[in-house]
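Here is the structure we will look at, set down as structure tokens.
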Amino acid sequence: MMQSPDNLGPEGRYSSRAGLEVESQIALAEYSALRAEVERRANVQWNVFALQVTSAGAISGLAISRASNLVLLLLIPMSSYMLGSRYILHDFHIKLIHRYIRESLSARLLDGLKWDRWKKESFSDVRDRRRFRVTGWTVFQPTRLAFEGVALLALAAATLSAAYKWWTIHPEWILIFGFVAMWIIGVLAIFLLHQSFERASGDA
């Protein structure tokens, strides 16, 4: 039968306290490592966001420099999907770490890590407050617009440009086929990106 710490002798109580201290030190070290991982992923997120803005701007500038280059706008939905998916992946892992800290690690430290729990409880109803906000992956969230919104604008601009050129010039069918194929890929990329953001908006 196991004895409670109060029924143990001095050596037993010392050993029990030492064990608790070791476990707390391990948990604190794990917390520090997880916080460093969150910071690393947040920095990668910022780099991905900066790369998205830079690449979309560079492609747009090259596309509008000559009328024949406007088809390059169809590259933006594909690059937005690849970079946006990477951004969402890091966001998912950051939320997963916060959830682990809140639900598992904090309990091992006698519920001493209160920030994540307090933040979740304080913002538990923020989703229903208003549609135009910067928290959460709403359709009009600025970071989401930098990926999904920019991709939609590029696709619309390329479509209008192609429609005008086809109306006035009547290009060869092979060029039309190539444009339509890239346009379909762009639509698919935007759809997948939209679905990724929608799934991310439901993550804790």
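The values are calculated or read from the model by the stated rules, or taken from the named source; none is laboratory data. Because the structure is predicted, anything quoted here is derived from the model rather than measured. With ideal geometry, Cβ positions are generated from the backbone for all residues, glycine too; neighbour counts draw on all protein chains shown.
Only one of the listed residues (Thr143, Thr138) is outside any helix (DSSP H, G or I), β-branched (Val, Ile, Thr) and surrounded by 12 or more Cβ atoms within 10 Å (Cβ to Cβ). That residue is Thr138. Between Ser60, Ser80, Ser4, Ser32, the distinction of being modelled with pLDDT of 75 or more and exposed (fewer than 11 other Cβ atoms within 10 Å of the Cβ) belongs to Ser32 only.
Which of the residues belonging to the stretch 163-199 are among the aliphatic types (A, V, I, L, M) and not in a helix (DSSP H, G or I)? Residue satisfying the conditions is Ile169 alone. Against the criterion of being modelled with pLDDT of 80 or more and more than 30 Å from Gly178 (Cα to Cα), Glu39 qualifies.
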